[in-house]
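Enquirer: Mind having a look at this structure? Questions to follow.
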Amino acid sequence: MNNKTRTITHNRFSKLVWIILLTLLIAGICFYFLSKKDSDVSFEDIHGIGYTKNGNEILIPAHDGIKEFSAGEWKDGPGEKNDYMGFAMVNDGFYSSGHPAAGSSKPNPLGIIRSSDKGKSVNTLGLEGESDFHLFAAGFNNHALYAYTPQPNSKMDSAGLYYSLDGAKSWKKSKMTGVDDEPTGFAVHPDKNSVVSVSTKDTVLISNDFGKTFKVLYSKPQITALSFTFNNSLLVGGFEVKATLSEINLKNESTKQIKVPPMSEDAIAFIAQNPSRSQEYAFATYKKDVYKGTEHDWKQIVKSGNSTTGK
């Protein structure tokens, strides 16, 4: 075999090797995308949690839009991937605040927004381009809105707590008498629009007069989460050596402890009760773990920001 023949044979062999490698690479990429499930959802951060009215879906707002858990699997929600803050579920959708997705035509910040289709479409209710509410809450059935602003805007003439009973068209200021420390969280009674609770770093307070006056309801070295139930009680996440979850009966102010899974140097950041199954809860932690279930049967559905199945 002469040198010219050897060169041609070598070139043909090299091309064949590259074709085989390219084919394997393409096949691997195709296999990855074909095998990748819709439930492979990741959470850069978690800004809230809530159940839909039927109790069959859990929605979590994140830096890149709504994440939905349904039938044991996670998927990205519809619509723009807005950075939702101050997320509040209601019986026919959610209210929120935050910042628009990259490339969105919406003003930044979003002001107060409303969606009735899991974020597929978003309606602006006011204060767009002005305010971003991190402390914001809504009554699940009554849609009473409460917002805490650290600075004035066009509808709130000074810092403090405000409430609206007409879908954010008008706002009234609450005096917050009795609250002597910086608020860290708010929750609104699902049915009684005058009942609002506020947490500080170590205290839970409640008001029955639209936030005009508050009284101390519960104290703990560290309060981490706050949410009303649908049976006239308050869920309070806390931390004292380990994570805790307490339920306060608002009728007699008695407190009971709810068992939670073991957590290593972590605590509940957001919690919600299932509207259809009162014994079921869902909560997210500061380390981006998410659990759902009852105190006797918890299932982890997010671990360190990565989704898992939870059937």
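The numbers here are math on the coordinates, done by the rules we state, and not lab data. Not measured: the values here are computed from a predicted model. We place every Cβ from the backbone using ideal geometry, glycine too, and count neighbours over all the protein chains shown.
Enquirer: Could you please find all residues in region 239-255 being in contact with a Ser or Thr (Cβ under 9 Å, 6 or more places away or on another chain) and closer than 19 Å to GLY50 by Cα?
Expert: Hits for region 239-255 are SER246, GLU247.
Enquirer: Select, from GLY119, GLY139, the only residue that is surrounded by 20 or more Cβ atoms within 10 Å (Cβ to Cβ) and under 15 Å from the mean Cα position of the chain (by Cα).
Expert: The unique qualifying residue is GLY119.
Enquirer: While we're on this one: Output the residue which, of all residues in region 93-103 that are over 21 Å from VAL196 (Cβ atoms) and not small (Gly, Ala, Ser), is surrounded by the fewest Cβ atoms within 10 Å (Cβ to Cβ).
Expert: To start, the set of residues in region 93-103 that are over 21 Å from VAL196 (Cβ atoms) comprises 98-103.
So of that shortlist, the ones also not small (Gly, Ala, Ser) come out as 99-100.
On the way: HIS99: 17, PRO100: 19.
Here the answer is HIS99.
Enquirer: While we're here: Filter region 197-209 down to residues that are surrounded by fewer than 18 Cβ atoms within 10 Å (Cβ to Cβ) and not β-branched (Val, Ile, Thr) and give me whichever is nearest to PRO183 (Cα to Cα). Explain how you work it out, then say what you get.
Expert: Initial filter on region 197-209 (surrounded by fewer than 18 Cβ atoms within 10 Å (Cβ to Cβ)): 200-202, 208-209.
Next cut, not β-branched (Val, Ile, Thr) only: 201-202, 208-209.
Numbers: LYS201: 8, ASP202: 10, ASN208: 17, ASP209: 18 Å.
If we take residues in region 197-209 being surrounded by fewer than 18 Cβ atoms within 10 Å (Cβ to Cβ) and not β-branched (Val, Ile, Thr), then LYS201 is nearest to PRO183 (Cα to Cα).
Quick grid of which residues meet (1) of a type in the set (Asp, Glu); (2) surrounded by 15 or more Cβ atoms within 10 Å (Cβ to Cβ); (3) at negative phi:
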site: HIS143; (1), (2), (3): no, yes, no
site: ASP157; (1), (2), (3): yes, no, yes
site: LEU161; (1), (2), (3): no, yes, yes
site: GLY167; (1), (2), (3): no, no, no
site: THR177; (1), (2), (3): no, no, yes
site: ASP181; (1), (2), (3): yes, no, yes
site: ASN193; (1), (2), (3): no, yes, yes
site: GLY211; (1), (2), (3): no, yes, no
site: THR229; (1), (2), (3): no, yes, yes
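Enquirer: If I filter region 122-136 down to residues being in a loop (DSSP other than H, G, I, E, B) and among the small types (Gly, Ala, Ser), which single residue comes out as nearest to the chain's Cα centre (by Cα)? Before you say what the answer is, go through the steps one by one.
Expert: Looking only at region 122-136, we keep the residues that are in a loop (DSSP other than H, G, I, E, B), and these are 122, 127-134.
Now restrict to residues that are among the small types (Gly, Ala, Ser): 129, 131.
On the way: GLY129: 22, SER131: 19 Å.
Within region 122-136, the match that is nearest to the chain's Cα centre (by Cα) is SER131.
Enquirer: Also, quick follow-up: Is one or more of the residues making up region 151-169 of a type in the set (Phe, Trp, Tyr) and either in a loop (DSSP other than H, G, I, E, B) or within 25 Å of GLU57 (Cβ to Cβ) (or both)? Don't jump to the end; show me each part of the working.
Expert: First pass over region 151-169, keeping only residues of a type in the set (Phe, Trp, Tyr): 162-163.
From what is left, the residues that are either in a loop (DSSP other than H, G, I, E, B) or within 25 Å of GLU57 (Cβ to Cβ) (or both) are none.
No; the residues of region 151-169 include none that is of a type in the set (Phe, Trp, Tyr) and either in a loop (DSSP other than H, G, I, E, B) or within 25 Å of GLU57 (Cβ to Cβ) (or both).
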